[in-house]
Amino acid sequence: MKRNIANIDNIPPNHYQGSNPSDNQSREKTTKGISVVPPEQVSPLLALPNELLIKISDYLSFVDVSHLATTSKRLITLFNTEEKLKKLALQYYGSDLEAYRNLIEDRDVHIPAVPNNEIYDPVLRLAYHRCLSNQYLASLENNTWQAWVATKRHTVGVNSVTPLADGQRASCLRLADHRNASNKYLKSLGIHTQKTCVATLKGHTDRVSSVTALADGRLVSCSFDKTLKVWDLKLPDGQQCVATLHGHNGRVNSVTTLHDGRLVSCSDDKTLKVWDLNQPDGLQCVATLNGHTGRVKSITTLADGRLASCATDRSVKIWDLNKPDGQQCMATLESHKSWVYSVTQLPDGLLVSSSEDNTVKVWDLSNFRGPPCVATLNGHTNRVNSVAPLAGKQLVSCSSDQTVKVWDLSNLYGQPCVATLREHTGVVDSVTLLPDGRLASCSFDNTVKVWDLSLPVGEPCVATLHGHTDWVVFVTSLPGGRLASCSADNTVKVWDLRESNG
C-alpha cells in the first residue's frame, strides 16, 4: 500500500524495533538507552573470520545487526553495509523511496554520515538514523517527551517545520515564553539550531590550517600551500584576498597576532616567522626563529608578550622577541613522550599543551629551576589535538578519540575531567571558547558544533554547522558573534552565531 509522505509522523517510534521481549531482556543499554549485546556474548563472534561473519549477518535484521555493531568497531565495519541499508530503506519507504530522495535533494537537507562507512545515498543515511532514533525514542521512559513527539495540533502559533532524521517533523513555537522548552525538545531529538554561513573564502590551493582576526577586522589564514593570506570581508566575493605572504618552505600550520599587531606563523619547515603587514610586498617577513628540530605545529602569544610554540620534536619552547637573533629561545619544556600538537596559556598564567601521547600537560613558567610540568591529565584514548582555556581553573581539550573533554585543575587529586562531549563522529581537531562562555569544536565529520555547558548532561550541543565538504581542522571565535572555520576543502568559512529574530 502506498505510504503518505506528509503523514510519516503517524508511525509510532517503536514500530520498527524488530526484536522480541526476550531479546531485549538479555541486552544491556548504553548511556543513551540504546540496547547493545553484552561484550561477553559477542566475543565468540569476534573469533570467527570476516567471511563467516558477513554470512551470519545476512540472516539478521538490521536492528539486531546494529545492536551487535555498537559493541565492536570491527562488527560495525562488517555489518553496516550498503546492501543492508537498501533493504531497510525499502522496508521503511517502499514505493516512496525515490520521492524521499528527491525531497532531500530539493530542500538541500543534510543527513549525517553513517559511522565508519562511505554511504553517500541520502535515503540510506536517513534509514540508518531513523533506525537508531526509533530505538532511542522507544527507550525513553518520560511520557512527556513521547507525548510531545506524537502531538500534531498546536495551541500556539507555529513558526516553522523541519524534517527529522527518522522521517518525523518538529515544529518551533513562535512564543518567546516557550523558546527554552521547545529548544529542549528539539535537542532531545538531535535537532540543533541552524546558523548562517556569511562568507566562504577561496584562494588557498591546499588545506587551510588556521585563521585569526586582525584588529582592523581583516582575517589572516595559513595553509598547507606554504602561504598566508590576508582577507577583507568588506570586499565583494572573489576580491577578499588582499595579500599573500610567501616565505615558509613547508606547510604553514598556525598563525596568530602579536601584541604590537604583527603576525607570527609556524611551519613544517621547523621555523617560526614574524610578519609586519605595514612593510612592502615581499618584505613583510621581518624575523625567522630557529630552534625546533621538528615540524612546528602550534604557537600562542603569552600575556607578557613572549611566545610559546610546540613541535614534533616533543618540546614546547618559550621565545622572547626582544632578544637578539639566535638568543630568542628562553626555555625548552620537555616531558611529553610524543609529538606536541597544541599549546595555550590559562588565565592564571599556567601553560597547557596537548600531545600524540594522549595527554594534556600543565606547565608553571615561573618554575624553570624545578620541574616545570606540574600536572598531567589522562583520560583521552587517542592523541589530543587541541587545548583551550576556560574561565577560572578550567580548560577544554579535543582528541582523535572523537570527544571533547572539560577539565577542572582545582581537582587534580580527584576527578579533574568534569565533562565529556561525544556527538562528533570523527576526529575532533580543534576547540575554542566563545565570548558568551559556550564552546565550539570542529571535526573530520565535516562539521562545527557549538556547546552550552550550562545545559543538562546529554543536551549541551546547541548547534551543528554544515557547509564544509571535507575535514574541518580549525575553529576560532571572531568579534561580533561570529566564528571562523578552516577545512581540508581549502576554504575558510565565517559563521554568524547570533540568534535570528525571524
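The values are calculated or read from the model by the stated rules, or taken from the named source; none is laboratory data. Since this is a predicted model, take the numbers as computed values, not measurements. Positions of Cβ are backbone-derived with ideal geometry, glycine not excepted, and every protein chain shown enters the neighbour counts. Protein only, heavy atoms only, side chains kept; ligands, DNA and RNA dropped before computing areas. Shrake-Rupley method; radii C 1.70, N 1.55, O 1.52, S 1.80 Å.
The relative contact order of the stretch 277-335 comes to 24 percent, based on Cα pairs under 8 Å that sit 6 or more residues apart.
Take the stretch 373-497 with all the other protein chains still there, run a 1.4 Å probe, and you get 36 Å² of accessible area per residue.
With R₀ fixed at 56 Å, the C-beta to C-beta distance from residue 244 to residue 95 puts the FRET efficiency at about 0.55.
Show 380, 110 ordered by accessible area, largest first, where the area counts protein heavy atoms only and the probe is 1.4 Å. Don't skip to the end; give the middle numbers.
Numbers: 380 15, 110 90 Å².
Largest to smallest exposure gives the sequence 110, 380.
Approximating the spin labels as points 7 Å out from Cα along Cα→Cβ, the residue 258-to-residue 332 distance works out to 2.3 nm.
Surface composition of the stretch 257-373: carbon and sulfur make up 42 percent of the accessible area, probe 1.4 Å.
Roughly how many percent of the accessible protein surface of the stretch 405-502 is carbon and sulfur, given a 1.4 Å probe and a whole-percent answer?
Numbers: 1990 of 4010 Å².
In the stretch 405-502, the share of accessible area belonging to carbon and sulfur is 50 percent.
Given the stretch 333-404, report the % of alpha carbon pairs whose separation exceeds 17 Å. Value for the stretch 333-404 (Cα pairs over 17 Å): 37 percent.
Each residue was assigned an accessible area with a 1.4 Å probe, and for residue 205 the value is about 110 Å². Taking the Cα of residue 303, stepping 7 Å toward and past its beta carbon, and measuring to each backbone N in the stretch 358-391: which are under 12 Å? Counting only backbone N, you get 365-366. A simple spin-label model places pseudo-atoms 7 Å from Cα toward Cβ; at residue 232 and residue 278 they are separated by 1.8 nm.
Extension gain, residue 198 to residue 378, is 61.0 nm, computed as 0.36 nm per intervening residue step minus the present C-alpha separation. Once the Cα-Cα distance is subtracted from the 0.36 nm per residue extended length, the residue 348 to residue 206 segment shows a gain of 47.4 nm.
Using C-alpha pairs below 8 Å separated by at least 6 residues, the relative contact order for the stretch 379-502 is 16 percent.
Can you give the direction-averaged projected area of the convex hull of the alpha-carbon atoms in the stretch 363-403, in nm²?
3.6
Think of a 1.4 Å ball rolled over the protein heavy atoms: the stretch 244-336 then has 45 Å² of accessible area per residue. Note on residue 87 and residue 215: the model spin-label points, each 7 Å out from Cα along the C-beta direction, lie 6.6 nm apart.
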